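For reference, the structure is listed below as structure tokens.
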Amino acid sequence: MKSNWMQQIQTLIGQKAGAMGGAEGIGKLLAPTALGGLVGVLLANKSSRKLVGKFGKNALIIGGSAAVGAVLWNKYKQRVKETHQDEPQFGFQTTPVDLRAKRLVQALVFAAKSDGHIDADEQRAIDHSLAQLQVGEEAQGWVQEALDQPLNPELIARSVQNEDEALEVYYLSCLVIDVDHFMERGYLDALAQALKIPADVKQGIESDVNEKKRELA
């Protein structure tokens, strides 16, 4: 599998961060190297870190047509759109890049703590590493806010504007989580429900991710 299959958001993020210059906060958080560092920090003690490093070196992971093939991805999109028929605006809007990146970082944080907790040692490592990344106080505060938030998939799903955004959140979450605890299984099921991802699409994404993990094992 080519390492560039998830670079769509990295390109968008790089453009956004460049346009914001050297500003503190979200501008620095959006830099691909900082996002890559954040992935490493949050997954420091998670077995999925190897997979994230393999497919998303120096970039925030995102799903897309290149991940599973354009034909299948478009099929997934159509199925998700069908479940949102009661939302007339769904699929006709796109979340701004900075807010989209924030949502994905929030999804990453939630996935990292879906086994029930971030312990004191992990918290200290996160605090230290975020300081080393020099993303600025605003960005550090936002990451901490995500860490402090209740593990509620609805917080992520409520701002999703279209099928691609729903799928990328679920794909990222599956990539990060190794389901070896009932709480992780419960979180992924609740996230799929909140995003209104049909059972067949949910199973397809999980099977694809699990195959990639087996290839790396």
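The values are calculated or read from the model by the stated rules, or taken from the named source; none is laboratory data. Predicted model only: the values in this text are computed from it and were never measured. Cβ: placed from backbone, ideal geometry, glycine included. Neighbour counts: every protein chain shown. Heads up: the accessible areas ignore ligands, DNA and RNA and are worked out on the full protein's heavy atoms, side chains in. Shrake-Rupley method; radii C 1.70, N 1.55, O 1.52, S 1.80 Å.
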* Asked: Are there any pairs, at least 6 apart or on different chains, whose C-beta atoms fall under 6 Å, with the first in segment 71-85 and closer than 16 Å to residue 171 by Cβ and the second hydroxyl-bearing (Ser, Thr, Tyr), and if so, which?
  -> 73/65
* Which members of segment 164-214 meet the condition of being farther than 19 Å from residue 42 by Cα, out of contact with any helix residue (DSSP H, G or I) (no Cβ under 9 Å at 6 or more places or on another chain) and not basic (Lys, Arg)? -> 182, 186, 203, 207, 211
* **Hey, residue 131 hydrophobic (A, V, I, L, M, F, W, C), surrounded by fewer than 17 Cβ atoms within 10 Å (Cβ to Cβ) and free of Cβ contacts under 8 Å to residues at least 40 places away in the same chain or not** => yes
* Structure fact -> Flagged in segment 188-202 as over 15 Å from residue 73 (Cβ atoms) and open to solvent by 10 Å² or more (accessible area, probe 1.4 Å), in numbering order, are 189, 190, 193, 194, 196, 199
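Can you tell which of 169, 209, 179, 160 is surrounded by 18 or more Cβ atoms within 10 Å (Cβ to Cβ) and over 13 Å from the mean Cα position of the chain (by Cα)?
It is 209.
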* To do: Please give the number of the condition residue 151 fails out of (1) touching a residue at least 60 places away in the same chain (Cβ under 8 Å); (2) surrounded by 13 or more Cβ atoms within 10 Å (Cβ to Cβ).
  => (1)
* In segment 100-120, what residues are loosely packed, with under 12 Cβ neighbours inside 10 Å and either more than 21 Å from residue 177 (Cβ to Cβ) or among the hydroxyl-bearing types (Ser, Thr, Tyr) (or both)? -> 120
